[in-house]
Structures are given as structure tokens and as C-alpha cells.
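Derivation of every value follows stated rules applied to the coordinates shown; laboratory data play no part. Bear in mind the structure is a predicted one, so any value in this text is a computation, not a measurement. Counting neighbours? That spans all protein chains shown, and the Cβs are built from the backbone with ideal geometry, glycine included.
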Amino acid sequence: MNIGRINEYVEKLKSNAEKTGYFLNPDEEFLADLAEGLLTNKDRYGYEACPCRLSDGIMEKDLDIICPCDYRDIDLDEYGACFCALYVNKAIYEGKEEAESIPDRRKSEKIDKNLASGTVKSPENNLSYPVWRCKVCGYLCARKNPPELCPICKAQKERFERFL
């Protein structure tokens with residue numbers, strides 16, 4: 001893959017992380033490898049599926065693992081890094097701690113979400129518009145359709161769910 005394209009993408013990742021208050025893995029070589037994997041998946045599937053997980057190749061099935069994945073924040077809170085270690089906490093970023101192996105919570109969480117989706121009923125309301133929630137960062141907005149791009153984390157509209 002073109003090294004210039006990878007470097008450009010790494011700079012984009014760094015800029016987005018800085019703007020949203022996140023830290024990327026400080027190991028530049030590792031970061032470039034992850035960026036290459038994300039770009040490979042973007043070329044292959046049309047979206048940036050996590051390079052450390054098996055993708056179905058069908059966007060609707062992979063929405064939870066499109067970077068930044070649905071599990072990033074909970075992994076950061078619990079382990080200090082996301083599953084692929086692209087995102088890390090401040091201590092790891094500053095070299096005070098090291099990232100460790102993280103179990104993949106995708107299967108168990110996906111099953112739990114599927115079970116819950118059939119049982120949770122939304123309350124009746126008198127809102128003029130539905131409320132949409134970004135599954136990546138939690139941003140909420142009330143409008144007919146979800147935004148094309150989350151103004152907070154830049155996730156695409158497919159990453160939104162109807163909240164109310």
C-alpha cells in the first residue's frame with residue numbers, strides 16, 4: 001500500500017482523536033500498521049472495519065466494529081485501550097502504563113443487544129421529531145433522520161439508532 005496514503009490517514013486519525021479528547025497508540029509503527037489495516041478494509045468493504053476482528057463484509061452486520069467501534073469507550077474504561085489498541089488512555093499514551101491483552105466482548109454484547117432489542121419498548125411521547133443517538137459517542141439529536149456525520153465523533157449516519 002502507498003506509504004503516503006497511510007501517513008496521511010494516520011495524521012487524520014491523530015487530528016480526529018485530538019479534537020475529540022482521545023489518545024492514539026504512541027507506537028508509530030504499530031499505529032501505521034493499524035491505519036493500513038483500516039484502509040485495506042475500507043478499500044475491500046467500503047468502510048473502516050476494525051482490522052483486528054473478522055468482518056462479515058456486510059456493513060449492516062459490521063456496524064458495531066466500524067472504527068471507532070461500539071466497544072471503544074468501555075474497553076478504554078476497563079482496560080486502558082480498545083481491542084486493537086488504536087485508542088489508548090492517557091497513561092498508556094504517556095508511557096506510564098503498557099497496553100495489555102483485551103478480551104473481545106463483541107459476541108457477548110451483540111447477543112445481549114439482540115435479546116434486548118426485542119423486549120425494550122420506547123415510551124409514548126409527543127415529540128415532533130424522533131431522537132437519534134450516536135452509538136459511538138452518545139450524541140443526541142432530534143430530527144427526521146440521523147445526521148450524515150456525527151458532529152462530535154464524525155461517525156457516519158449508519159452508526160445512529162433511534163433513541164425516542
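Would you calculate the separation in nanometres between label points at S101 and S128, each defined as 7 Å from the Cα along the Cα-to-beta-carbon direction?
That separation, rounded to one decimal, is 5.5 nm.
Extending each Cα 7 Å along its Cβ direction at E78 and Y45, get the distance between those two points in nm, one decimal.
Reported label-point gap for E78 and Y45 is 2.1 nm.
Could you work out the helix-only [θ] at 222 nm for the chain, with each DSSP H run of four or more residues adding -39,500 (n - 2.57) and the total divided by the number of residues, to the nearest 500 deg cm²/dmol?
-11500 deg cm²/dmol
Can you give the translational diffusion coefficient of the chain in µm²/s, computed by Stokes-Einstein from the Kirkwood radius over Cα pairs at 37 °C and 0.692 mPa s?
Reported coefficient: 193 µm²/s.
Above 18 Å lies some portion of the pair distances; for the range 3-99, what is it as a whole percent of all C-alpha pairs? Could the numbers behind the result be given before it?
Details: 2057 of 4656 pairs.
Counting pairs separated by more than 18 Å, the tail of P(r) holds 44 percent.
With +1 on each Lys and Arg Cβ and -1 on each Asp and Glu Cβ, how big is the dipole of the chain about its Cα centre, in debye rounded to the nearest 20? Walk me through the numbers before you get to the answer.
Values: 25 positive and 30 negative charges, 195 e Å.
Roughly 940 debye, rounded to the nearest 20.
What's the extension gain from E161 to E148 if we count 0.36 nm per residue and subtract their Cα-Cα distance?
My answer for the length gained is 3.4 nm.
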